[in-house]
Amino acid sequence: MPTVAETPLAGGRPAAAPVSGAPIVNITALRKSYGANEVLKGIDLQVARGEVIAIIGKSGSGKSTLLRCINGLEQFQDGALTVDGKPLLHESALAMRELRQRVGMIFQSFNLFPHLSVGRNVMLAPTLVKKTDKVDAAEQARRLLLRVGLAEKFDAMPDQLSGGQQQRVAIARALAMEPAVLLCDEITSALDPELVGEVLRVVESLADEGMTLLMVTHEMSFARKVSDRVIFMHQGRVHEMGPPAEIFGAPRTPELQQFLSSLHD
Amino acid sequence: MQIQLDFAAVLVQWPFLLRGVLWTLGLTAVSMAIGMVVGIACAWARASGPMALRVGVGAYVELIRNTPFIVQLFFIFFGLPSLGVKLGPEVASVIAMVLNLGAYATEIIRAGIENTPRGQIEAAQSLALNRVQVFTRVVLPPSLKRVWPAMVSQIIIVMLGSAVCGQISTEELSYSANVIQAQNFRTFEAYIVATGIYLLLSIAVRHLLHWAGPRFIFGR
Amino acid sequence: MVEFTFWDIFRNLLLAARWTVVLSLIAFIGGGLVGALLLVGRLTRIGWLDRAIAGYVQLFQGTPLLMQLFLAYFGIGLFGINVSPWVSVTLALTLYTSAFLAEIWRGCVAAIPKGQWEAAQSLALSFGEQLRHVVFPQALRIAIPPTVGFMVQVIKGTALASVVGFVELTRAGNMISNVTYQPFTVFACVALMYFALCYPISLYAKFLERKISHANRR
C-alpha cells in the first residue's frame, strides 16, 4: 500500500502527500520480453495520486522499460496496467490518445522539435489535441515558460538553448497537456553537471505542488530528498521498495547494498 | 480481346540468352576491375595531387556524371572514328563503361578517403611509412570497406546501364532479346524475360559483391 | 555535297532539346506525385502494402531503364492501342522516377530520430499529426538536396527515350550525325548540351547539401 512520507529527520519530503482514493497507476503482474529476452518479470506496483516515486537500479534492470510501458511506448505481453481507472489498450488509438493526455513524459535526450520555436513546441499539442485556441495556448505557454524560468525564450529556437534550458522547455511542453502523472526517464543524465541543478529545482517544485511523479534517476541525493518511495529494480523485478530513509540508509538485500556501494566508487 | 502470350518461344532460345548474360557479366567484370583502378587513382589525385591534376580529374568526373551514358557510348563509337580511332562495339562498350564507372568511383572512393580519421594517418607516418605505403596500406583498405555498399550500388547501375550497349550491336543480354524478338515476333515476352533475368542478375551480383568485398578486395 | 555549318547543327539540336526539358519536367513532377503517394503508403505500416511498394521499388531499381521503356512501349501495344512514343515514354519515366523518389524520401523519414516520434506520441498526437507537424517538416529539409540531385538522373534518363523513337536531344543527334557525316561534332555538342542542363542542377544540389549540413553542425 502507498505510504505516507517520512518525517524530515529520516529524509523524504517535509509535507505529507494526501493518499486517499484509488491508486492513479495500478500495475499487476506486468511482464515484457524483447523476443526471447524477458526484461520485466512480473511487476506489481500501485502509485497513489500525488506520490513521488524514484526508480533506481543498474542499467539493464528494466527501469526505463517499465516507465515506457506506462505511457504505451512499449507494449507488454502479460499482466495489467490501468491509469486513472482505465486499462491500457494498445490496439485502440483513441484509448492511447486519452492515456497520453493524462500521462506525460520527459526524455533523457529532451527531444524538442528542432523546427519549431520554444513557444510553438509548448503550444503544439494543446492546439492539436485539446483544440485549444491559439491565443489561449500561447498564453498558457508563456505562463509555463515563466514557471520553469524561461519566460524570455518564447521565440528562441531549441538549438540556441543549453541542455538544461532545453530540458526545462521539455518539462513545460509536457505540463501544457495538464497531465495527472509525469514520467521522468533519466532526465538529467545527458546534462553537464552544472546544468543539472536548474532542472532538479523545477522537478522539486512540481513535487511540492502535488504532481504524481515517477522518476528513473541516478541522482540519489535528489531522490532521497524529494521522493515518497524508492523502488530498487534488479533483473526485471522490484527487488526492494520503501521510503528513502530505509532504502538508502538500511538496504536489506545484498544486491541493493552492492548497488549503493558501487555508486560511491 | 485476347492477348496471347507465348513465353515458350522465347525460353526455348535459352542458349542465346545465356550468351547474352555471359557477355553482360563479362563486360561488367572488366569494367569493374579497370574502373575501380581508375577510380582509386583519380580519387588519390583529387585528394592529394597537384592543382592541375585535381582540376583535370574534376572536369572528367563532372563531364561523365552530367551526361547520359548512351551519349558517352555514341560519342566513343560513332564520334571517335572521325578522328581516325575506329573501335569495335565491344571495345567501345568497355571503354565507355570504364570511363563511366571510373568517374562515379572517383567520387565514392574520395569520400571514403577523406573520412579517414586523422589519427590513422598520423600513426602510420609515425611508423615511418612513406606516402605510397600510407595510402595503400592504411588509408585505402578501410576506405573501401566504408564505401563498399555505395560502390556495389554503382557497379549494379553500370551493369544495368550496359543494356544500352546492345544498341551498337554488342552482344549482351538486351541484344539477345532484340534478336530473338526479331525472329519470332514475341517482342513483349522477349523483353519481359530479359528484364526478369536482369532483375535476378542485379540481386545475385549484389550479394556476390557484398560477399566478395571483404574476402578479396579490402580485408575484413 | 551539302555543307552543314556548326550553327546548323547547333540550332537543330537546340530545338530537339526542348523536348528533353519537357519530358524531364513531366516525369519529375508526375513521378514526384506518385512517389509521394507510395511514401505515404509505406508509412501506414500495413504489411502487404509495405511489401508491395518495396517490391515495386526493387523492380525499378533492379532493371535497366531501357528495358522499362521497351516494356512500356510494346506492352501497351499488346492491347491493340496504337500508342505514340510520348505516352509510353512518359509513363515509363514517371513510374521510374516515382520508385526512386519514394525510396529517397523514405530514407529521409527514416533518418528522423526515434525520439522525435516518441516525444510526439507522448504528447498524445495521432499518427497523422505526428507525421504532419513533427516528422515531415524535418524530413522535408533533408530531402531537398537528393531530390534536386535526382532531377539530373531524370534528364539523363530521357536520352534513352531516343531508342523507342522519341525525338529528343539524343535522337536528334543520331539523325543529324547521319545526315551531316560529322558525328564527332554532333555528339560532342549533344554531350555539352546535356552538361549545360545538368551541371547547374548538380551544383545547386551540392550547395543545398552543404547548407543543410552546416545548419546541423551548429
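Miscellaneous remarks
- Chain C - percent relative contact order, Cα under 8 Å, separation 6 or more: 28
- Cut-off 20 Å, label 7 Å out along Cα→Cβ of residue C:214, residues of segment C:139-164 by amide N: C:141-149
- Candidate membrane-span-like segments in chain B, meaning DSSP H helices with Cα atoms spread over at least 24 Å of their own axis and a Kyte-Doolittle mean of 0.5 or above, are B:14-48, B:89-114, B:140-161, B:187-212, with no membrane implied.
- Mean Cα-pair separation over length for chain B, i.e. relative contact order, pairs under 8 Å, 6 or more apart, %: 31
- Among B:129, B:170, B:212 - extreme Cα towards positive end, dipole of chain B, charges at beta-carbon: B:129
- Residue-averaged beta-carbon neighbours from other chains (10 angstrom radius) around B:128-135: 0
- Amide H contacts under 5 Å for residue A:234, placed H, 5+ residues apart: A:239
- Using the Karplus relation 6.51 cos²θ - 1.76 cosθ + 1.60 with θ = phi - 60°, the per-residue 3J(HN,Hα) values for segment A:233-245 come to 9, 9, 6, x, 10, 6, 8, 9, 8, x, x, x, 4 Hz, with x marking Gly and Pro.
- Residue among C:89, C:24, C:128 farthest towards the positive dipole end of chain C, charges placed on Cβ: C:128
- Here the label points at residue C:46 and residue A:180, each 7 Å from Cα along the C-beta direction, are separated by 3.6 nm in the simple model.
- Mean ellipticity per residue at 222 nm, deg cm²/dmol - from DSSP H runs of n ≥ 4 across chain A, formula -39500 (n - 2.57): -10500 deg cm²/dmol
- The Cα center of segment C:101-159 and the Cα center of segment A:45-119 differ in position by 27 Å.
- Relative to the dominant Cα principal axis of chain A, helix A:163-175 is inclined by about 90°.
- Each peptide in C:160-171, B:126-137 gets a packing score, the mean of other Cβ atoms within 10 Å over its residues, and the list from highest to lowest is C:160-171, B:126-137.
- Cα centroid of segment B:77-91 to Cα centroid of segment C:166-218, whole Å: 23
- For segment C:6-212, size of Cβ-based charge dipole, Lys and Arg +1, Asp and Glu -1, in debye: 280
- Centre separation in Å (Cα based) which lies between segment B:109-139 and segment A:143-158: 49
- Residue-wise HN-Hα coupling along segment A:123-129, computed from phi with Karplus coefficients 6.51, -1.76, 1.60 (Hz; x: Gly, Pro): 7, 4, 5, x, 5, 7, 8
- By average C-beta atoms within 10 angstrom, highest first, the peptides B:20-31, C:92-103: C:92-103, B:20-31
- Förster-model FRET efficiency, 45 Å R0, residue A:218 and residue A:131, C-beta, rounded to 0.05: 0.70
- Peptide C:130-139, shielding by other chains (average Cβ, 10 Å cutoff): 3
- With a Förster radius of 51 Å applied to the beta-carbon distance between residue B:33 and residue C:196, the computed FRET efficiency rounds to 0.95.
- Modelled spin-label separation between residue B:53 and residue C:188, with each label point placed 7 Å from Cα along the Cα-to-Cβ direction: 2.7 nm.
- Burial order of peptide ranges A:79-86, C:3-10 (average beta-carbon count within 10 Å, highest first): A:79-86, C:3-10
- Computed from Cα atoms, the angle from the helix C:65-78 axis to the main principal axis of chain C rounds to 80 degrees.
- Remark: for residue pairs A:63/C:114; A:63/A:225; A:58/A:225; C:114/C:206, the C-alpha separation exceeds 23 Å in C:114/C:206.
- Label-to-label distance for residue A:160 and residue A:92 is 4.4 nm, based on points extended 7 Å past Cα in the beta-carbon direction.
- Pairs of Cα atoms nearer than 8 Å and 6+ residues apart set the relative contact order; for segment A:50-164 it is 18 percent.
- For segment B:97-140, the residues whose backbone nitrogen is under 16 Å from a point 7 Å from the Cα of residue B:150, taken along Cα to Cβ, are B:101-117, B:140.
- For residue A:55, the residues 5 or more places off, or on other chains, whose built amide H falls under 5 Å of its own are A:215, A:216, A:217, A:231.
- Take each residue of peptide B:188-200, count the partner chain Cβ atoms within 10 Å of its Cβ, and average: the result is 5.
- Per residue of chain B, the DSSP helices (runs of n ≥ 4 H) give a summed -39500 (n - 2.57) that works out to -23500 deg cm²/dmol at 222 nm.
The numbers here are math on the coordinates, done by the rules we state, and not lab data. Values in this document were obtained by computation on a predicted structure and should not be read as measured data. Every residue, glycine among them, receives a Cβ derived from its backbone with ideal geometry; neighbour counts consider all protein chains shown.
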